[in-house]
Amino acid sequence: MSVAAPMMLAALALAQMWPTPPPPAPPPIPTYAMPAQPANGRAPWLINLDELFNPDAYPFWARNLEVEGKVRVKVEVDVAGRPIACEILESSGSAEIDGGTCALLVEKGRFAPATDRKGKRVAGNFVRAIRWQLEERKALAVIDSHVRTIFTLGKSGEVTGCRYELSSDLTVDDIDKRMCKEFGAMPAMAAMYGGPEFDWLPWLFVMETSQFAGTGEGAATVGSRPGEQAFDHVRSRLTIDPRGNVTRCEIIERGHAPEEGVEKGCARAMVQPFLPAADGKDRQLTIVSAVYLRKK
């Protein structure tokens with residue numbers, strides 16, 4: 001079965017609980033003079049292009065904000081093939097995409113150095129336009145499921161580990177495994193949502209999502225376990241037409257989630273496609289999400 005739904009809805013739940021945090025400032029981009037291209041030689045080229053620029057490498061905040069764009073960059077590469085500096089030649093219009101692209105090239109790019117016309121290695125510039133485009137949303141199944149995503153946080157609130165606890169009808173292959181990877185790339189959670197709750201780091205950050213195909217309340221429940229401190233919760237319900245389009249998103253109950261975050265969560269749910277109904281009828285999907293803190 002196609003069951004990316006639990007993790008998509010878990011991400012939706014987190015978006016509902018807090019407004020999207022402001023993106024961090026892009027990394028500083030050196031702007032000092034670049035060396036000239038070697039005359040009649042060969043410019044540097046990026047060896048690991050496909051490894052760097054793939055859907056899993058999408059800049060975190062750009063994906064979170066659903067931003068796409070094309071950026072043209074120039075990277076200074078030394079005689080050993082090391083990227084030294086990155087300059088934006090044509091901006092995408094998004095600081096998240098511009099900064100994320102330069103950071104990726106400088107931190108993880110592997111280059112073959114430039115050569116002059118005699119074949120001698122020299123410093124040079126790598127120039128390329130990079131287009132970032134979000135993947136097409138996959139239609140999800142309307143099913144019952146339960147997922148707990150457990151993040152291990154360090155003393156500064158940084159994500160140091162992530163694992164899943166799934167209901168018996170799911171396997172790890174059924175969920176969107178980018179969840180752990182993407183949240184691992186986030187700034188320290190303590191810096192984002194700081195407060196007295198963060199005085200007892202390190203701890204576990206538990207995000208739990210239960211969904212129930214229907215209007216019943218009983219199956220779509222979550223609950224803290226011994227040693228866990230409730231942080232926030234949201235209960236919502238989607239109405240899905242026979243073709244799989246979400247026609248309504250209703251917030252039934254919320255804890256401390258601000259209205260802005262709730263509205264953003266519903267806006268994202270409204271554009272998520274689902275598989276068509278076999279019986280040709282409208283369906284409802286009840287989602288209950290909660291966040292807990294747990295001392296290690």
Would you mind stating whether K118 is assigned to a loop (DSSP other than H, G, I, E, B) and in the same structural domain as E76 (by TED's automatic domain parsing)? yes
Is it the case, given these coordinates, that V79 is touching a residue at least 12 places away in the same chain (Cβ under 8 Å), assigned to a loop (DSSP other than H, G, I, E, B) and assigned by TED's automatic domain parsing to the domain that holds Q272? no
Qualifying positions in the stretch 236-263 - free of Cβ contacts under 8 Å to residues at least 12 places away in the same chain and either at positive phi or part of a helix (DSSP H, G or I) (or both): E259, E263
Out of (1) more than 30 Å from M270 (Cα to Cα); (2) surrounded by fewer than 15 Cβ atoms within 10 Å (Cβ to Cβ), what's the single condition that is false for D78? (2)
Which members of the stretch 269-278 meet the condition of being assigned to a loop (DSSP other than H, G, I, E, B) and in contact (Cβ under 8 Å) with a residue 24 or more places away in the chain? V271, Q272, P273, L275, P276, A277
Could you tell me whether any residue of the stretch 86-98 is crowded, with 17+ Cβ neighbours inside 10 Å, assigned to a helix (DSSP H, G or I), touching a Leu at 6+ places or on another chain (Cβ under 8 Å) and at pLDDT below 90? yes
On the basis of being modelled with pLDDT of 85 or more and either closer than 30 Å to V122 by Cα or not assigned by TED's automatic domain parsing to the domain that holds C162 (or both), does A43 make the cut? yes
Exactly one condition in (1) under 23 Å from V206 (Cβ atoms); (2) assigned to a helix (DSSP H, G or I); (3) of a type in the set (A, V, I, L, M, F, W, C) is false for C266; which is it? (1)
V142: passes all of (1) more than 30 Å from L166 (Cα to Cα); (2) outside any strand (DSSP E or B); (3) under 26 Å from the mean Cα position of the chain (by Cα) but (1)
Name the residue that is surrounded by the fewest Cβ atoms within 10 Å (Cβ to Cβ), counting only residues in the stretch 99-117 that are charged (D, E, K, R) and touching a residue at least 40 places away in the same chain (Cβ under 8 Å). R117
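The values are calculated or read from the model by the stated rules, or taken from the named source; none is laboratory data. Values in this document were obtained by computation on a predicted structure and should not be read as measured data. Don't worry about glycine lacking a Cβ; one is built from the backbone with ideal geometry, like all the others, and counts go over all protein chains shown.
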